[in-house]
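Only one structure is covered here, and it is reproduced in the block below.
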Amino acid sequence: MATDSLTLPKPATGVIRIGTDGRASIEGFRCRDCGGVFAEQTMSCRRCASRNAPEAFRAAESGKLYSWSVVHRSYPGIAVPFVSAIVDLDDGLTLKGTLRGVDAAAVRQGMPVSLVFDDAGGARDKEGAPYVGFHFTPKGDA
Amino acid sequence: MSDVYIVGADMIAFGRYPDRTYYQLGAEASLKALDDSGLSIKDIGAVYASSCFNAQSMLGQKVLKEIGQTGVPCINVSNACASGATAVREAFIGIKSGIYDAVLVVGSEKNPRGMLGGAPHDGPPPEGLFGSESMPAVFAEAGMVHTAAYGTTIEQFAQVAVKNHHHATMNPKAAYRKETPLDEVLASEMIAWPLTKLMCSANVDGAAALVLVSEKKARELGMSRAVRIRASMLTSDPYEPRNPVMFDCNSVTRLAAAKAYEMAGLGPKDLDIVELHDCFATAEILHYENLGLCGEGEAGRLIDSGDTALGGRIPVNVSGGLLSKGHPIGATGVANMVEIVEHLRGEAGARQVTGARIGLSHVLGFGAAAGVHILEKA
Ligand SMILES: [Zn+2]
(Lines give C-alpha, C1' and ligand atoms only; values in the text may rest on other atoms or scores of the structure.)
Protein backbone atom coordinates (compact mmCIF):
# COMPACT_ATOMS: atom_id res chain seq x y z
CA MET A 1 0.00 0.00 0.00
CA ALA A 2 2.81 2.41 -0.88
CA THR A 3 1.33 5.82 -1.52
CA ASP A 4 1.09 6.40 -5.23
CA SER A 5 2.13 9.93 -6.24
CA LEU A 6 -1.12 10.08 -8.17
CA THR A 7 -3.12 9.87 -4.96
CA LEU A 8 -1.23 12.53 -2.93
CA PRO A 9 -3.37 15.50 -1.89
CA LYS A 10 -3.71 18.11 -4.61
CA PRO A 11 -4.32 21.86 -4.38
CA ALA A 12 -7.95 22.65 -5.16
CA THR A 13 -7.01 26.15 -6.33
CA GLY A 14 -3.88 27.75 -7.74
CA VAL A 15 -2.64 29.66 -4.68
CA ILE A 16 -2.36 26.57 -2.42
CA ARG A 17 1.01 24.82 -2.01
CA ILE A 18 1.41 21.46 -0.31
CA GLY A 19 4.83 20.89 1.31
CA THR A 20 6.74 17.61 1.40
CA ASP A 21 5.42 17.25 4.97
CA GLY A 22 1.88 17.33 3.56
CA ARG A 23 1.10 20.71 5.13
CA ALA A 24 -0.75 23.29 3.09
CA SER A 25 0.08 26.98 2.76
CA ILE A 26 -0.85 29.90 0.54
CA GLU A 27 1.82 31.16 -1.81
CA GLY A 28 1.98 34.81 -2.79
CA PHE A 29 4.49 36.68 -4.93
CA ARG A 30 6.15 39.99 -4.08
CA CYS A 31 7.97 42.32 -6.46
CA ARG A 32 11.64 42.74 -5.48
CA ASP A 33 11.60 46.31 -6.79
CA CYS A 34 8.29 47.95 -5.83
CA GLY A 35 6.91 45.55 -3.18
CA GLY A 36 3.70 44.86 -5.12
CA VAL A 37 1.97 41.67 -3.98
CA PHE A 38 0.21 39.20 -6.28
CA ALA A 39 -1.64 35.91 -5.97
CA GLU A 40 0.00 34.40 -9.02
CA GLN A 41 3.44 34.27 -10.63
CA THR A 42 3.85 36.63 -13.55
CA MET A 43 6.73 37.19 -15.97
CA SER A 44 7.24 40.81 -14.98
CA CYS A 45 5.76 42.92 -12.20
CA ARG A 46 2.14 43.82 -12.85
CA ARG A 47 2.55 47.02 -10.90
CA CYS A 48 5.92 48.52 -11.96
CA ALA A 49 6.70 46.30 -15.00
CA SER A 50 10.09 45.35 -13.50
CA ARG A 51 11.64 42.41 -15.37
CA ASN A 52 12.82 41.01 -12.04
CA ALA A 53 10.31 38.19 -11.59
CA PRO A 54 8.37 38.60 -8.32
CA GLU A 55 9.56 36.22 -5.55
CA ALA A 56 7.39 33.68 -3.77
CA PHE A 57 6.47 34.01 -0.10
CA ARG A 58 4.37 32.00 2.33
CA ALA A 59 1.28 34.07 3.04
CA ALA A 60 -0.18 35.00 6.42
CA GLU A 61 -3.19 32.99 7.58
CA SER A 62 -5.16 35.81 9.13
CA GLY A 63 -6.59 38.97 7.71
CA LYS A 64 -9.53 41.36 7.51
CA LEU A 65 -12.72 41.18 5.46
CA TYR A 66 -12.69 43.77 2.65
CA SER A 67 -16.02 42.95 0.96
CA TRP A 68 -18.64 40.22 0.70
CA SER A 69 -21.96 39.11 -0.71
CA VAL A 70 -24.45 36.57 0.54
CA VAL A 71 -25.01 34.43 -2.54
CA HIS A 72 -28.57 33.06 -2.78
CA ARG A 73 -28.59 31.97 -6.41
CA SER A 74 -25.58 30.56 -8.18
CA TYR A 75 -24.81 28.16 -11.04
CA PRO A 76 -26.83 24.94 -11.22
CA GLY A 77 -25.90 22.38 -8.55
CA ILE A 78 -24.11 24.83 -6.23
CA ALA A 79 -25.40 24.76 -2.64
CA VAL A 80 -26.70 28.16 -1.45
CA PRO A 81 -26.72 30.38 0.49
CA PHE A 82 -23.07 31.03 1.22
CA VAL A 83 -20.97 34.10 1.97
CA SER A 84 -18.54 35.04 -0.81
CA ALA A 85 -15.71 37.00 0.85
CA ILE A 86 -12.79 39.11 -0.26
CA VAL A 87 -10.10 39.08 2.43
CA ASP A 88 -6.97 41.20 2.75
CA LEU A 89 -4.41 38.95 4.46
CA ASP A 90 -2.12 40.65 6.99
CA ASP A 91 0.84 40.68 4.58
CA GLY A 92 -0.94 42.41 1.71
CA LEU A 93 -2.18 39.46 -0.35
CA THR A 94 -5.90 39.50 -1.21
CA LEU A 95 -7.85 36.23 -1.56
CA LYS A 96 -11.41 35.36 -2.46
CA GLY A 97 -12.95 32.57 -0.41
CA THR A 98 -16.07 31.40 1.35
CA LEU A 99 -16.68 32.77 4.85
CA ARG A 100 -18.25 30.12 7.07
CA GLY A 101 -19.47 29.96 10.64
CA VAL A 102 -20.96 33.44 10.65
CA ASP A 103 -24.43 34.95 10.84
CA ALA A 104 -24.79 36.68 7.47
CA ALA A 105 -26.41 39.70 9.10
CA ALA A 106 -23.35 40.16 11.34
CA VAL A 107 -20.80 40.33 8.50
CA ARG A 108 -18.96 43.67 8.46
CA GLN A 109 -16.08 45.15 6.52
CA GLY A 110 -12.90 45.00 8.57
CA MET A 111 -13.92 42.01 10.70
CA PRO A 112 -10.88 39.86 11.51
CA VAL A 113 -10.89 36.41 9.94
CA SER A 114 -8.70 33.31 10.00
CA LEU A 115 -7.79 31.19 7.00
CA VAL A 116 -8.51 27.49 7.54
CA PHE A 117 -7.36 24.70 5.22
CA ASP A 118 -9.97 22.03 4.52
CA ASP A 119 -10.81 19.04 2.31
CA ALA A 120 -12.37 21.17 -0.47
CA GLY A 121 -15.81 19.74 0.20
CA GLY A 122 -14.54 16.15 0.08
CA ALA A 123 -13.81 16.28 -3.66
CA ARG A 124 -11.60 13.55 -5.21
CA ASP A 125 -9.92 13.42 -8.60
CA LYS A 126 -10.36 10.44 -10.92
CA GLU A 127 -7.46 8.54 -9.28
CA GLY A 128 -9.11 9.03 -5.90
CA ALA A 129 -6.70 11.71 -4.68
CA PRO A 130 -8.13 14.19 -2.17
CA TYR A 131 -8.02 17.95 -2.72
CA VAL A 132 -6.89 20.60 -0.23
CA GLY A 133 -8.93 23.78 -0.13
CA PHE A 134 -9.45 26.69 2.26
CA HIS A 135 -12.16 28.84 3.74
CA PHE A 136 -12.40 31.71 6.20
CA THR A 137 -13.92 31.84 9.67
CA PRO A 138 -14.41 34.78 12.02
CA LYS A 139 -11.20 35.11 14.07
CA GLY A 140 -11.40 33.37 17.41
CA ASP A 141 -14.05 30.92 16.17
CA ALA A 142 -11.59 28.71 14.28
CA MET B 1 -7.85 65.30 -39.19
CA SER B 2 -11.53 65.18 -40.00
CA ASP B 3 -14.11 65.27 -37.26
CA VAL B 4 -16.28 62.16 -37.15
CA TYR B 5 -20.07 62.32 -37.33
CA ILE B 6 -22.85 59.84 -36.69
CA VAL B 7 -25.44 60.16 -39.46
CA GLY B 8 -27.32 56.90 -39.00
CA ALA B 9 -28.40 55.23 -35.76
CA ASP B 10 -30.96 52.55 -35.03
CA MET B 11 -31.59 49.29 -33.25
CA ILE B 12 -34.08 46.46 -33.11
CA ALA B 13 -36.31 46.06 -30.07
CA PHE B 14 -34.38 44.07 -27.46
CA GLY B 15 -35.95 40.78 -26.39
CA ARG B 16 -35.80 37.09 -27.23
CA TYR B 17 -35.50 35.94 -30.85
CA PRO B 18 -35.47 32.13 -30.71
CA ASP B 19 -36.22 31.78 -34.44
CA ARG B 20 -33.59 34.21 -35.77
CA THR B 21 -29.78 34.14 -35.92
CA TYR B 22 -27.47 36.76 -34.41
CA TYR B 23 -26.40 37.85 -37.92
CA GLN B 24 -30.01 38.27 -39.07
CA LEU B 25 -30.56 40.54 -36.07
CA GLY B 26 -27.37 42.44 -36.92
CA ALA B 27 -28.41 42.74 -40.57
CA GLU B 28 -31.80 44.18 -39.63
CA ALA B 29 -30.20 46.79 -37.36
CA SER B 30 -27.66 47.61 -40.10
CA LEU B 31 -30.35 48.22 -42.72
CA LYS B 32 -32.28 50.43 -40.30
CA ALA B 33 -29.17 52.52 -39.56
CA LEU B 34 -28.32 52.78 -43.27
CA ASP B 35 -31.87 53.89 -44.07
CA ASP B 36 -31.64 56.45 -41.28
CA SER B 37 -28.43 57.85 -42.82
CA GLY B 38 -29.69 57.94 -46.41
CA LEU B 39 -26.68 55.86 -47.48
CA SER B 40 -26.59 52.40 -49.08
CA ILE B 41 -24.29 49.54 -48.16
CA LYS B 42 -22.54 50.36 -51.47
CA ASP B 43 -21.42 53.70 -49.94
CA ILE B 44 -19.81 52.00 -46.95
CA GLY B 45 -16.00 51.61 -46.91
CA ALA B 46 -15.65 49.22 -43.96
CA VAL B 47 -17.73 47.27 -41.45
CA TYR B 48 -16.88 47.08 -37.75
CA ALA B 49 -18.84 44.25 -36.14
CA SER B 50 -19.11 43.65 -32.41
CA SER B 51 -20.16 40.56 -30.51
CA CYS B 52 -18.99 38.96 -27.30
CA PHE B 53 -19.95 35.38 -28.12
CA ASN B 54 -19.86 35.40 -31.95
CA ALA B 55 -17.11 37.78 -33.07
CA GLN B 56 -14.90 34.81 -34.02
CA SER B 57 -17.57 33.59 -36.43
CA MET B 58 -16.98 36.49 -38.87
CA LEU B 59 -20.08 38.40 -37.81
CA GLY B 60 -19.41 41.35 -40.14
CA GLN B 61 -19.11 39.10 -43.19
CA LYS B 62 -22.26 37.21 -42.18
CA VAL B 63 -24.14 40.52 -41.96
CA LEU B 64 -22.90 41.47 -45.43
CA LYS B 65 -24.07 38.12 -46.82
CA GLU B 66 -27.56 39.21 -45.69
CA ILE B 67 -27.45 42.78 -46.99
CA GLY B 68 -24.90 42.95 -49.84
CA GLN B 69 -21.38 41.53 -50.30
CA THR B 70 -19.44 44.60 -51.42
CA GLY B 71 -16.00 43.19 -50.62
CA VAL B 72 -15.08 45.85 -48.04
CA PRO B 73 -12.94 45.10 -44.96
CA CYS B 74 -14.81 43.60 -42.01
CA ILE B 75 -13.26 44.04 -38.57
CA ASN B 76 -14.80 41.69 -36.01
CA VAL B 77 -14.20 42.70 -32.41
CA SER B 78 -14.78 41.08 -29.04
CA ASN B 79 -14.00 42.91 -25.79
CA ALA B 80 -16.56 41.57 -23.30
CA CYS B 81 -19.31 44.10 -22.53
CA ALA B 82 -17.13 46.83 -24.05
CA SER B 83 -17.21 45.13 -27.49
CA GLY B 84 -19.63 47.65 -28.99
CA ALA B 85 -17.71 50.68 -27.76
CA THR B 86 -14.51 49.07 -29.07
CA ALA B 87 -16.04 48.69 -32.54
CA VAL B 88 -17.19 52.33 -32.53
CA ARG B 89 -13.74 53.50 -31.47
CA GLU B 90 -12.04 51.47 -34.21
CA ALA B 91 -14.51 52.89 -36.75
CA PHE B 92 -13.81 56.39 -35.40
CA ILE B 93 -10.08 55.82 -35.92
CA GLY B 94 -10.73 54.56 -39.46
CA ILE B 95 -12.56 57.80 -40.40
CA LYS B 96 -10.20 60.01 -38.41
CA SER B 97 -7.21 58.60 -40.26
CA GLY B 98 -8.76 59.61 -43.58
CA ILE B 99 -8.89 56.04 -44.91
CA TYR B 100 -12.71 55.88 -45.02
CA ASP B 101 -15.47 58.41 -45.66
CA ALA B 102 -18.30 56.22 -44.37
CA VAL B 103 -18.32 53.09 -42.21
CA LEU B 104 -20.93 50.85 -40.64
CA VAL B 105 -20.74 49.72 -37.01
CA VAL B 106 -22.98 46.83 -36.00
CA GLY B 107 -23.27 45.14 -32.62
CA SER B 108 -25.28 41.96 -32.36
CA GLU B 109 -25.81 39.26 -29.76
CA LYS B 110 -27.91 36.31 -28.85
CA ASN B 111 -26.99 35.87 -25.21
CA PRO B 112 -26.70 32.38 -23.72
CA ARG B 113 -29.56 31.54 -21.33
CA GLY B 114 -29.08 31.48 -17.59
CA MET B 115 -26.47 33.19 -15.45
CA LEU B 116 -23.47 34.29 -17.52
CA GLY B 117 -19.89 33.53 -16.45
CA GLY B 118 -18.00 30.71 -14.80
CA ALA B 119 -14.41 30.28 -16.01
CA PRO B 120 -12.95 26.88 -16.97
CA HIS B 121 -10.90 25.33 -14.14
CA ASP B 122 -8.91 22.29 -12.95
CA GLY B 123 -10.00 20.46 -9.82
CA PRO B 124 -13.31 20.85 -7.99
CA PRO B 125 -15.59 23.68 -9.23
CA PRO B 126 -14.53 26.84 -7.38
CA GLU B 127 -18.05 28.27 -7.18
CA GLY B 128 -19.23 28.14 -3.57
CA LEU B 129 -15.90 26.62 -2.50
CA PHE B 130 -13.82 29.78 -3.01
CA GLY B 131 -16.53 32.41 -2.84
CA SER B 132 -18.46 33.22 -6.00
CA GLU B 133 -17.36 34.02 -9.55
CA SER B 134 -20.91 34.88 -10.59
CA MET B 135 -21.44 38.38 -11.96
CA PRO B 136 -24.17 39.28 -9.40
CA ALA B 137 -21.80 38.37 -6.54
CA VAL B 138 -18.91 40.26 -8.11
CA PHE B 139 -20.97 43.45 -8.47
CA ALA B 140 -22.59 42.93 -5.06
CA GLU B 141 -19.11 42.87 -3.55
CA ALA B 142 -18.20 46.04 -5.43
CA GLY B 143 -21.34 47.68 -4.03
CA MET B 144 -20.65 46.56 -0.48
CA VAL B 145 -17.34 48.44 -0.57
CA HIS B 146 -19.39 51.60 -1.20
CA THR B 147 -21.75 50.63 1.62
CA ALA B 148 -18.82 50.14 4.02
CA ALA B 149 -17.26 53.47 3.03
CA TYR B 150 -20.34 55.68 2.77
CA GLY B 151 -23.30 53.85 4.30
CA THR B 152 -25.06 53.34 0.97
CA THR B 153 -28.25 51.35 1.61
CA ILE B 154 -30.02 48.53 -0.22
CA GLU B 155 -32.93 50.95 -0.77
CA GLN B 156 -30.60 53.36 -2.57
CA PHE B 157 -29.29 50.57 -4.80
CA ALA B 158 -32.88 49.43 -5.41
CA GLN B 159 -33.96 52.96 -6.41
CA VAL B 160 -31.68 52.62 -9.45
CA ALA B 161 -33.85 49.72 -10.62
CA VAL B 162 -37.06 51.64 -9.86
CA LYS B 163 -35.82 54.60 -11.91
CA ASN B 164 -34.54 52.62 -14.89
CA HIS B 165 -37.62 50.41 -15.07
CA HIS B 166 -39.77 53.55 -15.02
CA HIS B 167 -37.72 54.99 -17.89
CA ALA B 168 -38.18 51.77 -19.89
CA THR B 169 -41.97 52.18 -19.87
CA MET B 170 -41.40 55.07 -22.31
CA ASN B 171 -39.04 53.14 -24.61
CA PRO B 172 -40.78 50.95 -27.23
CA LYS B 173 -37.49 49.09 -27.84
CA ALA B 174 -36.90 48.10 -24.20
CA ALA B 175 -37.28 44.41 -23.35
CA TYR B 176 -39.14 44.99 -20.05
CA ARG B 177 -41.60 47.88 -19.99
CA LYS B 178 -43.26 47.57 -16.61
CA GLU B 179 -43.19 49.87 -13.60
CA THR B 180 -41.42 48.19 -10.67
CA PRO B 181 -41.96 50.14 -7.45
CA LEU B 182 -39.44 49.94 -4.60
CA ASP B 183 -41.31 47.29 -2.61
CA GLU B 184 -41.47 45.06 -5.70
CA VAL B 185 -37.74 45.46 -6.39
CA LEU B 186 -36.88 44.66 -2.77
CA ALA B 187 -39.29 41.71 -2.63
CA SER B 188 -38.04 40.05 -5.80
CA GLU B 189 -35.78 37.00 -5.46
CA MET B 190 -32.52 37.73 -3.62
CA ILE B 191 -29.69 36.72 -5.98
CA ALA B 192 -26.57 38.00 -4.19
CA TRP B 193 -27.04 40.40 -1.28
CA PRO B 194 -27.78 43.28 -1.77
CA LEU B 195 -28.85 42.52 -5.36
CA THR B 196 -32.32 41.17 -6.01
CA LYS B 197 -33.36 39.81 -9.39
CA LEU B 198 -34.82 43.17 -10.48
CA MET B 199 -31.46 44.82 -9.70
CA CYS B 200 -29.68 42.56 -12.24
CA SER B 201 -29.52 43.30 -15.97
CA ALA B 202 -32.01 41.69 -18.33
CA ASN B 203 -30.42 38.82 -20.28
CA VAL B 204 -31.82 39.26 -23.81
CA ASP B 205 -30.95 39.26 -27.52
CA GLY B 206 -30.51 42.39 -29.59
CA ALA B 207 -28.69 44.36 -32.25
CA ALA B 208 -27.86 48.01 -32.89
CA ALA B 209 -26.00 49.86 -35.63
CA LEU B 210 -24.44 53.24 -36.41
CA VAL B 211 -23.20 54.88 -39.61
CA LEU B 212 -20.11 57.04 -39.07
CA VAL B 213 -18.86 59.50 -41.68
CA SER B 214 -16.20 62.15 -42.25
CA GLU B 215 -17.01 65.85 -41.99
CA LYS B 216 -16.96 66.13 -45.79
CA LYS B 217 -19.51 63.35 -46.15
CA ALA B 218 -21.64 64.76 -43.33
CA ARG B 219 -21.83 68.13 -45.10
CA GLU B 220 -22.91 66.37 -48.32
CA LEU B 221 -25.68 64.58 -46.41
CA GLY B 222 -26.75 67.70 -44.51
CA MET B 223 -25.91 68.42 -40.89
CA SER B 224 -29.43 68.82 -39.53
CA ARG B 225 -29.51 65.38 -37.89
CA ALA B 226 -25.75 64.78 -37.59
CA VAL B 227 -24.10 64.11 -34.24
CA ARG B 228 -20.40 64.82 -33.71
CA ILE B 229 -18.19 62.40 -31.76
CA ARG B 230 -16.32 64.78 -29.43
CA ALA B 231 -14.45 61.96 -27.68
CA SER B 232 -13.93 58.25 -28.25
CA MET B 233 -11.93 56.53 -25.53
CA LEU B 234 -11.10 52.95 -24.59
CA THR B 235 -9.02 51.75 -21.63
CA SER B 236 -7.82 48.52 -20.09
CA ASP B 237 -7.64 48.08 -16.34
CA PRO B 238 -4.63 49.74 -14.74
CA TYR B 239 -2.89 48.04 -11.81
CA GLU B 240 -4.99 47.86 -8.65
CA PRO B 241 -3.74 45.87 -5.66
CA ARG B 242 -6.82 43.64 -5.16
CA ASN B 243 -7.43 43.01 -8.84
CA PRO B 244 -8.02 40.39 -10.25
CA VAL B 245 -9.19 38.71 -7.01
CA MET B 246 -11.61 41.59 -6.74
CA PHE B 247 -12.76 42.83 -10.15
CA ASP B 248 -12.11 46.54 -10.28
CA CYS B 249 -14.87 48.32 -12.18
CA ASN B 250 -13.84 51.74 -10.91
CA SER B 251 -10.29 52.61 -11.97
CA VAL B 252 -10.75 51.41 -15.56
CA THR B 253 -13.86 53.60 -15.88
CA ARG B 254 -12.25 56.61 -14.17
CA LEU B 255 -9.30 56.41 -16.54
CA ALA B 256 -11.56 56.26 -19.62
CA ALA B 257 -13.73 59.13 -18.35
CA ALA B 258 -10.77 61.37 -17.55
CA LYS B 259 -9.24 60.82 -21.00
CA ALA B 260 -12.60 61.31 -22.73
CA TYR B 261 -13.29 64.60 -20.91
CA GLU B 262 -9.78 65.75 -21.86
CA MET B 263 -10.27 64.78 -25.52
CA ALA B 264 -13.66 66.53 -25.65
CA GLY B 265 -12.48 69.59 -23.75
CA LEU B 266 -15.56 69.14 -21.57
CA GLY B 267 -16.40 68.10 -18.03
CA PRO B 268 -19.23 66.25 -16.33
CA LYS B 269 -21.11 69.53 -15.72
CA ASP B 270 -21.44 70.00 -19.49
CA LEU B 271 -23.42 66.78 -19.94
CA ASP B 272 -27.17 66.78 -20.56
CA ILE B 273 -27.67 62.99 -20.65
CA VAL B 274 -25.74 59.84 -19.71
CA GLU B 275 -26.15 56.18 -20.67
CA LEU B 276 -23.90 54.20 -18.35
CA HIS B 277 -23.25 50.51 -17.74
CA ASP B 278 -25.89 49.53 -15.17
CA CYS B 279 -25.23 45.81 -15.51
CA PHE B 280 -26.29 45.71 -11.83
CA ALA B 281 -27.89 48.41 -9.70
CA THR B 282 -24.75 48.69 -7.57
CA ALA B 283 -22.70 49.49 -10.68
CA GLU B 284 -24.81 52.56 -11.54
CA ILE B 285 -24.16 53.99 -8.07
CA LEU B 286 -20.39 53.45 -8.44
CA HIS B 287 -20.31 54.93 -11.93
CA TYR B 288 -22.02 58.17 -10.79
CA GLU B 289 -18.77 58.87 -8.97
CA ASN B 290 -16.50 57.21 -11.55
CA LEU B 291 -17.90 59.50 -14.27
CA GLY B 292 -17.78 62.58 -12.02
CA LEU B 293 -21.57 63.11 -11.95
CA CYS B 294 -21.25 63.77 -8.20
CA GLY B 295 -18.52 63.94 -5.58
CA GLU B 296 -16.93 60.98 -3.77
CA GLY B 297 -19.41 59.28 -1.48
CA GLU B 298 -22.37 61.31 -2.77
CA ALA B 299 -23.86 58.72 -5.15
CA GLY B 300 -26.45 57.46 -2.66
CA ARG B 301 -27.71 61.02 -2.18
CA LEU B 302 -27.65 61.59 -5.95
CA ILE B 303 -30.10 58.74 -6.60
CA ASP B 304 -32.29 59.92 -3.67
CA SER B 305 -32.39 63.47 -5.07
CA GLY B 306 -34.02 62.40 -8.33
CA ASP B 307 -31.37 64.30 -10.30
CA THR B 308 -30.59 61.24 -12.43
CA ALA B 309 -34.22 60.59 -13.36
CA LEU B 310 -35.87 61.98 -16.49
CA GLY B 311 -36.60 65.65 -15.73
CA GLY B 312 -33.69 65.84 -13.28
CA ARG B 313 -30.37 67.69 -13.52
CA ILE B 314 -28.52 64.88 -15.31
CA PRO B 315 -30.81 62.05 -16.50
CA VAL B 316 -29.08 58.64 -16.51
CA ASN B 317 -30.21 55.57 -18.47
CA VAL B 318 -33.37 57.14 -19.83
CA SER B 319 -33.54 54.16 -22.23
CA GLY B 320 -34.26 51.89 -19.28
CA GLY B 321 -30.62 50.89 -19.09
CA LEU B 322 -29.30 47.37 -19.09
CA LEU B 323 -31.61 46.63 -16.17
CA SER B 324 -34.80 46.90 -18.24
CA LYS B 325 -33.97 47.81 -21.85
CA GLY B 326 -31.76 44.70 -21.75
CA HIS B 327 -28.12 43.69 -22.10
CA PRO B 328 -27.29 41.74 -25.30
CA ILE B 329 -23.57 41.89 -24.55
CA GLY B 330 -22.00 42.77 -27.92
CA ALA B 331 -24.84 45.11 -28.94
CA THR B 332 -24.98 47.07 -25.68
CA GLY B 333 -22.26 49.66 -26.36
CA VAL B 334 -23.69 50.49 -29.80
CA ALA B 335 -27.24 50.69 -28.45
CA ASN B 336 -26.15 53.09 -25.68
CA MET B 337 -24.93 55.45 -28.40
CA VAL B 338 -28.12 55.02 -30.46
CA GLU B 339 -30.04 56.26 -27.39
CA ILE B 340 -27.82 59.33 -26.97
CA VAL B 341 -28.11 60.14 -30.70
CA GLU B 342 -31.94 60.01 -30.54
CA HIS B 343 -31.96 62.52 -27.67
CA LEU B 344 -29.45 64.88 -29.32
CA ARG B 345 -31.66 64.85 -32.46
CA GLY B 346 -34.75 65.50 -30.37
CA GLU B 347 -36.32 62.27 -31.64
CA ALA B 348 -36.63 60.29 -28.38
CA GLY B 349 -40.39 60.68 -28.05
CA ALA B 350 -41.98 60.40 -24.60
CA ARG B 351 -38.62 60.02 -22.86
CA GLN B 352 -36.91 62.96 -24.64
CA VAL B 353 -34.45 64.87 -22.44
CA THR B 354 -35.48 68.42 -23.26
CA GLY B 355 -32.84 70.42 -25.10
CA ALA B 356 -30.11 67.76 -24.85
CA ARG B 357 -26.97 68.89 -26.68
CA ILE B 358 -24.16 66.83 -25.14
CA GLY B 359 -24.34 63.21 -24.00
CA LEU B 360 -21.99 60.57 -22.64
CA SER B 361 -22.15 56.81 -23.15
CA HIS B 362 -20.15 54.35 -21.05
CA VAL B 363 -19.66 50.59 -21.05
CA LEU B 364 -17.58 48.32 -18.88
CA GLY B 365 -16.20 44.96 -19.98
CA PHE B 366 -15.28 42.33 -17.43
CA GLY B 367 -11.59 41.61 -17.51
CA ALA B 368 -11.40 44.66 -17.96
CA ALA B 369 -12.16 47.31 -20.57
CA ALA B 370 -14.05 50.58 -20.41
CA GLY B 371 -15.35 52.64 -23.31
CA VAL B 372 -16.50 56.26 -22.98
CA HIS B 373 -17.88 58.32 -25.87
CA ILE B 374 -18.99 61.94 -25.70
CA LEU B 375 -21.42 63.02 -28.41
CA GLU B 376 -22.60 66.50 -29.37
CA LYS B 377 -25.43 67.76 -31.53
CA ALA B 378 -23.76 69.07 -34.69
ZN1 LIG C 1 7.08 45.99 -9.09
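The values are calculated or read from the model by the stated rules, or taken from the named source; none is laboratory data. Quick caveat, the model's predicted, so the values are computed rather than measured. All Cβ positions, glycine included, derive from the backbone under ideal geometry; neighbour counts span all protein chains shown. When the accessible area is computed, the model is the full protein with side chains, heavy atoms only, and any ligands, DNA or RNA have been set aside. Shrake-Rupley method; radii C 1.70, N 1.55, O 1.52, S 1.80 Å.
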Residue tally, condition touching a Pro at 6+ places or on another chain (Cβ under 9 Å) and more than 7 Å from chain B (Cβ to nearest Cβ), over the stretch A:74-87: 1
Quickly run through the stretch B:76-99 and pick out the residues that are buried (at least 21 other Cβ atoms within 10 Å of the Cβ) and part of a loop (DSSP other than H, G, I, E, B). B:82
Go through (1) of a type outside the set (S, T, N, Q); (2) without any contact (Cβ under 8 Å) to a residue 24 or more places away in the chain; (3) within 23 Å of residue B:347 (Cβ to Cβ) for residue B:91 and report which single condition fails. (2)
Residues in the stretch B:348-357 that are in contact (Cβ under 8 Å) with a residue 24 or more places away in the chain and open to solvent by 20 Å² or more (accessible area, probe 1.4 Å): how many? 4
Condition first: aromatic (Phe, Trp, Tyr) and more than 10 Å from chain B (Cβ to nearest Cβ). Now tell me which residues in the stretch A:46-73 satisfy that. A:57
Within the stretch A:7-39, the residues that are open to solvent by 70 Å² or more (accessible area, probe 1.4 Å) and more than 16 Å from the ligand (Cβ to nearest atom) are A:8, A:17, A:20, A:21, A:23
Any hit, the stretch A:105-121, residues being among the polar types (S, T, N, Q), in a strand (DSSP E or B) and away from chain B (no Cβ under 11 Å): yes
For residue A:5, work out the one condition from (1) of a type in the set (S, T, N, Q); (2) modelled with pLDDT under 95; (3) within 16 Å of residue A:133 (Cα to Cα) it doesn't fulfil. (3)
Hey, residue A:43 hits all of (1) modelled with pLDDT under 95; (2) within 13 Å of chain B (Cβ to nearest Cβ) but one; which does it fall short on? (2)
Counting only residues that are open to solvent by 10 Å² or more (accessible area, probe 1.4 Å) and over 18 Å from residue B:105 (Cα atoms), how many does the stretch B:315-347 have? 3
Within the stretch B:42-69, the residues that are assigned to a loop (DSSP other than H, G, I, E, B) and open to solvent by less than 60 Å² (accessible area, probe 1.4 Å) are B:44, B:45, B:51, B:52, B:54, B:68
Residue hits (the stretch B:173-210; closer than 30 Å to residue B:59 by Cα and within 14 Å of chain A (Cβ to nearest Cβ)) are B:200, B:203
Is one or more of the residues making up the stretch B:159-168 over 27 Å from residue A:118 (Cβ atoms) and within 14 Å of chain A (Cβ to nearest Cβ)? no
In the stretch B:126-156, which residues are buried (at least 18 other Cβ atoms within 10 Å of the Cβ) and either assigned to a loop (DSSP other than H, G, I, E, B) or at pLDDT below 95 (or both)? B:126, B:127, B:128, B:129, B:130, B:131, B:132, B:133, B:134, B:152
Name the one entry in B:309, B:335 that is in a helix (DSSP H, G or I) and either out of contact with any Phe, Trp or Tyr (no Cβ under 7 Å at 6 or more places or on another chain) or among the aliphatic types (A, V, I, L, M) (or both). B:335
Strands (runs of 3 or more DSSP E) (entirely within the stretch A:40-103) containing at least 2 residues that are more than 16 Å from the ligand (Cβ to nearest atom), under 20 Å from residue A:118 (Cα atoms) and open to solvent by less than 10 Å² (accessible area, probe 1.4 Å): A:62-71, A:82-89, A:94-99
(1) touching an Asp or Glu at 6+ places or on another chain (Cβ under 6 Å); (2) open to solvent by 10 Å² or more (accessible area, probe 1.4 Å): which one isn't true of residue B:160, the others all being true? (2)
